[in-house]
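All remarks here apply to the structure that follows.
The values are calculated or read from the model by the stated rules, or taken from the named source; none is laboratory data. The shown structure was predicted, so the numbers you read here are calculated from the model rather than taken from an experiment. These accessible areas exclude ligands, DNA and RNA; they are computed on the full protein's heavy atoms, side chains included. Shrake-Rupley method; radii C 1.70, N 1.55, O 1.52, S 1.80 Å.
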Amino acid sequence: MTRHRGNSRVAWCVAALLSLSAGVARADPSAEQAAAAEALFREGRELVAQGKLAEACPKFAASQRLDPGYGTQWNLADCLERLGRTASAWAAFREAADMASRAGQAEREAKATRRAADLEKKLERLTVAVRAPADGLVVRRNGAVLDAGAWGAPLPVDPGKHRVEATAPGKRPFSVEAQTAGPGNVVTVEIPPLEDDPAAAAAAAPQPAGPADPRPDAPPRPAGSGDGDGGASTRRALSFVAGGVGVAGVVTGSIFGLIASARWNRAQDEHCRTETLCDDQGVALVDDARSAAALSNVGFVVGGIGLAAGVALFVTSLDDAEPAAARVVVMPAVGTTGGGLAIQGRF
């Protein structure tokens with residue numbers, strides 16, 4: 001019968017959802033990350049074997065982020081050193097030593113510590129000195145913000161050129177490019193007091209008030225009203241939204257009303273001797289008709305409310321209408337096999 005077929009479809013959907021949920025539950029993100037980390041590690045090793053160090057180091061770094069481990073960290077540090085990035089390699093070897101120490105692996109810790117000590121003798125350093133820092137000063141080295149606590153400290157950097165920038169509200173930005181001077185040497189970049197930026201100061205200055213209202217007797221606008229129309233445009237837009245909801249509700253109510261009527265008539269014509277004496281299929285059809293009628297009633301009620309709100313909002317948005325004079329009455333008409341809607345209004 002119809003009701004039994006509907007129940008079977010519901011049961012099938014529930015079973016499918018449960019099956020999908022079980023499939024999602026079986027997925028193990030940590031296992032997937034470990035697999036991706038292993039693939040990246042192997043790719044990095046192959047690139048090192050081919051002498052492609054610039055491509056290999058990012059693979060080791062990505063693998064380490066997914067699944068941290070001493071072996072991956074060691075290979076990353078070794079790759080960075082062979083690439084000539086002494087400061088980055090020194091930091092990576094120190095991290096490897098810390099990982100081994102936490103794991104209680106004394107031999108590995110000693111090995112990584114020795115490599116870091118050898119690199120420390122070759123480090124090149126850069127000091128960013130700030131004179132008379134402006135309010136809100138932000139210093140960046142190679143695009144990354146340099147904490148104020150690091151200003152004036154000789155920090156290890158990789159050999160090569162480094163861009164230093166300084167910005168502050170209302171000030172002209174400062175930037176310079178510094179070149180390291182070789183192992184053991186320190187290069188100092190001094191940021192001077194930033195100059196005032198007249199354009200930024202003018203933009204931040206308060207704007208003069210507009211001309212006074214030429215109509216001194218004009219009533220004040222209500223708070224929260226729209227620009228020049230008392231919020232009419234907003235109410236008009238909302239009226240279309242509410243009207244759309246109302247139309248959708250009426251359409252839904254009409255469809256379920258037709259379904260309810262059809263099933264009720266079929267039950268009475270083919271399977272029922274009276275309105276209450278029916279065979280099994282007739283009982284199922286009557287139940288379906290009543291369910292559809294209930295949904296039809298809900299659709300008409302929602303549609304009525306939406307249409308009423310839409311009409312009221314639209315009428316009150318008209319410039320030449322008095323909001324208090326507008327009156328809309330919506331009366332849903334419902335029954336056993338369907339529903340209807342009656343709207344009365346005075347504008």
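Largest to smallest in accessible area, the residues Phe240, Phe174, Phe314 fall in the order Phe240, Phe314, Phe174 (1.4 Å probe, all protein chains included).
Rounded to the nearest 10 square angstrom, Ser88 shows an accessible area of 30 square angstrom against a 1.4 Å probe.
Remark: accessible surface ordering of Arg65, Arg266, Arg290, Arg115 (largest first) is Arg65, Arg290, Arg266, Arg115, probe radius 1.4 Å.
If you bin all the Cα-Cα distances of segment 25-177 at 10 Å, starting from zero, the percentages per bin are 10, 29, 30, 20, 10, 1. Taking all protein chains together, Arg94, Arg236 sort by accessible area into Arg94, Arg236, largest first [probe 1.4 Å].
For segment 75-176, carbon and sulfur atoms together expose 48% of the accessible surface, with a 1.4 angstrom probe and every protein chain in place.
Heavy-atom accessible surface of segment 44-110, averaged per residue, reaches 52 Å², computed with a 1.4 Å probe.
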